[in-house]
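Peer 1: The structure that follows is given in the form of structure tokens.
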Amino acid sequence: MKGMMRFEKKWKHSLCYVDPYQILRHFGKVAYKLDLPSNLASMHPVFYVSLLKKCICDTIRLCHWRVLVLIKESIFFEEVPVEFLDRQVCELRNKEVSSAKVLWRNQLVEGATWIVKSVS
């Protein structure tokens with residue numbers, strides 16, 4: 001729609017509701033003025049009651065979903081094989097494919113993966 005401001009993405013990927021905001025004032029039983037942050041300053045702060053949803057939450061356990069995570073470039077994680085649990089060779093039309101089930105250092109047996117090696 002022309003002249004309509006949307007949050008984040010457009011159409012079916014747009015957010016239905018955004019963060020909980022404090023109510024500053026109510027206008028009768030049909031409209032509420034919200035305390036919006038500075039990044040939403042271009043929006044009108046008064047909303048009709050049908051556009052709002054009551055937020056029932058514990059403020060102590062409230063986690064903000066837009067958390068910025070910083071990862072250092074020097075940190076890395078290397079998977080090291082511990083042992084080979086199983087081995088099999090599959091014969092295709094004109095070549096053999098060897099695969100081995102590998103148990104990795106920081107994984108359980110359920111986390112073992114198959115590694116494929118083509119052997120002509």
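Peer 1: Restricting the search to the range 55-110, which residues are small (Gly, Ala, Ser) and either assigned by TED's automatic domain parsing to the domain that holds Asp19 or at pLDDT 85 or above (or both)?
Peer 2: Result: Ser98, Ser99, Ala100.
Peer 1: Of the residues that make up the range 7-18, is at least one at pLDDT 80 or above, assigned by TED's automatic domain parsing to the domain that holds Lys53 and of a type in the set (Val, Ile, Thr)?
Peer 2: No; the residues of the range 7-18 include none that is at pLDDT 80 or above, assigned by TED's automatic domain parsing to the domain that holds Lys53 and of a type in the set (Val, Ile, Thr).
The values are calculated or read from the model by the stated rules, or taken from the named source; none is laboratory data. Given the structure is predicted, the values throughout are model-derived calculations rather than measurements.
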